[in-house]
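Undergrad: Supplied in structure tokens, the structure appears directly below.
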Amino acid sequence: MTSPEIASLSWGQMKVKGCSTTYKDCKVWPGGSRTWDWRETGTNHSPGVQPADLEEVVKKGVKTVVIGRGMSEALQVPPSTVDYLKKNGIDVLVLQTEKAVEEYNALAAQGVKVGGVFHSTC
């Protein structure tokens, strides 16, 4: 199963190839995607992305996770979250969302088992 291409990104909107949903924030993994609802884990810009936000993606058997911090990088990623991924043997890239989408798509095109969480506003 391959990771789906992120077809488009603009402020507050993301489209994943093969999916009719328009996302504000999304999670992607080999074979699927869904809305990233911050309310599920109580996520806020600070302290930011928590291991609980990534568990679902990690369970899909990814080798790399790309985290998009938002267009202005307002979303924080604490060291504990990066450590959680590394302890699970997963490479992690933390980038501004436009750069994160570029990296994610490049890895997916190479056939890497890549997942991601992306914030499409601030």
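The values are calculated or read from the model by the stated rules, or taken from the named source; none is laboratory data. Given the structure is predicted, the values throughout are model-derived calculations rather than measurements. All Cβ positions, even for glycine, are placed from backbone atoms using ideal geometry, and neighbour counts span all protein chains on display. SASA here: full protein model, heavy atoms, side chains in, ligands and nucleic acids out. Shrake-Rupley method; radii C 1.70, N 1.55, O 1.52, S 1.80 Å.
Undergrad: Taking region 1-10 as the region of interest, how many residues are assigned to a loop (DSSP other than H, G, I, E, B), of a type outside the set (Asp, Glu) and in contact (Cβ under 8 Å) with a residue 60 or more places away in the chain?
TA: Applying the first criterion (assigned to a loop (DSSP other than H, G, I, E, B)) to region 1-10 yields 1-5.
Next, from what is left, pick out any that are of a type outside the set (Asp, Glu): 1-4.
With in contact (Cβ under 8 Å) with a residue 60 or more places away in the chain added as a condition, the list becomes 2-4.
Summing the residues that are assigned to a loop (DSSP other than H, G, I, E, B), of a type outside the set (Asp, Glu) and in contact (Cβ under 8 Å) with a residue 60 or more places away in the chain in region 1-10 gives 3.
Undergrad: Within region 65-97, track down each residue that is within 11 Å of the chain's Cα centre (by Cα) and either aromatic (Phe, Trp, Tyr) or open to solvent by 30 Å² or more (accessible area, probe 1.4 Å) (or both).
TA: Result: 69, 92, 93, 94, 95.
Yes or no, residue by residue, for (1) under 13 Å from residue 115 (Cα atoms); (2) at pLDDT below 95; (3) touching a helix residue (DSSP H, G or I) at 6+ places or on another chain (Cβ under 9 Å):
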{"residue": "1", "(1), (2), (3)": "yes, yes, no"}
{"residue": "13", "(1), (2), (3)": "no, no, no"}
{"residue": "26", "(1), (2), (3)": "yes, no, no"}
{"residue": "37", "(1), (2), (3)": "no, no, no"}
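Undergrad: Any residue at all in region 39-53 that's crowded, with 21+ Cβ neighbours inside 10 Å and within 16 Å of residue 1 (Cα to Cα)?
TA: No, because not a single residue in region 39-53 is crowded, with 21+ Cβ neighbours inside 10 Å and within 16 Å of residue 1 (Cα to Cα).
Undergrad: Looking at region 11-36 only, could you name the residues that are free of Cβ contacts under 8 Å to residues at least 40 places away in the same chain and either within 21 Å of residue 64 (Cα to Cα) or part of a strand (DSSP E or B) (or both)?
TA: Keep residues of region 11-36 that are free of Cβ contacts under 8 Å to residues at least 40 places away in the same chain, which gives 15-22, 31-35.
Those that are free of Cβ contacts under 8 Å to residues at least 40 places away in the same chain and either within 21 Å of residue 64 (Cα to Cα) or part of a strand (DSSP E or B) (or both): 15, 16, 17, 22, 31, 32, 33, 34, 35.
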